[in-house]
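Reviewing the structure listed below.
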Amino acid sequence: RAAVLKPEVASPFENGLLVYDLLDALGLAGGNARSLRDSGAPLAKLQNWNALAPLLDAAGVPLDADTKALAVAGDVDSVAAVIESVFAGAQAGGGKRASGLSAGQAGQGQTAPPSTRTY
């Protein structure tokens, strides 16, 4: 399955805020949300994704440097792939169960299959 982010909701996911909220809602966020910045500036996005990386790793979704760079650059396919991996990990029992995520799995330029989730 693949996730697709609608343009009108992509920004809070791109900067990592809603990714943190997702982890929190699934009981997978053990970090401090105060370190996250509510900004679309590249430096704020980088800080947020750096803060999310250990949380994602603990949730079983290791974030490689390429995927993080794509997310910071605003690649919605990469962000959607992270979200999908978080859901897959949560469905599998969470915490270190997902196989991880690499930039090659981000689905750049690919058309989503019929079972696509849209957020």
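The values are calculated or read from the model by the stated rules, or taken from the named source; none is laboratory data. No experiment lies behind these values; they were computed from the predicted model shown. Heavy atoms of the whole protein, side chains included, go into the accessibility calculation; ligands, DNA and RNA do not. Shrake-Rupley method; radii C 1.70, N 1.55, O 1.52, S 1.80 Å.
Points worth noting:
- Area accessible to solvent at residue 6, 1.4 Å probe radius, in Å²: 90 Å²
- Per residue, region 1-56 exposes an accessible area of 53 Å² to a 1.4 Å probe, with every protein chain left in place.
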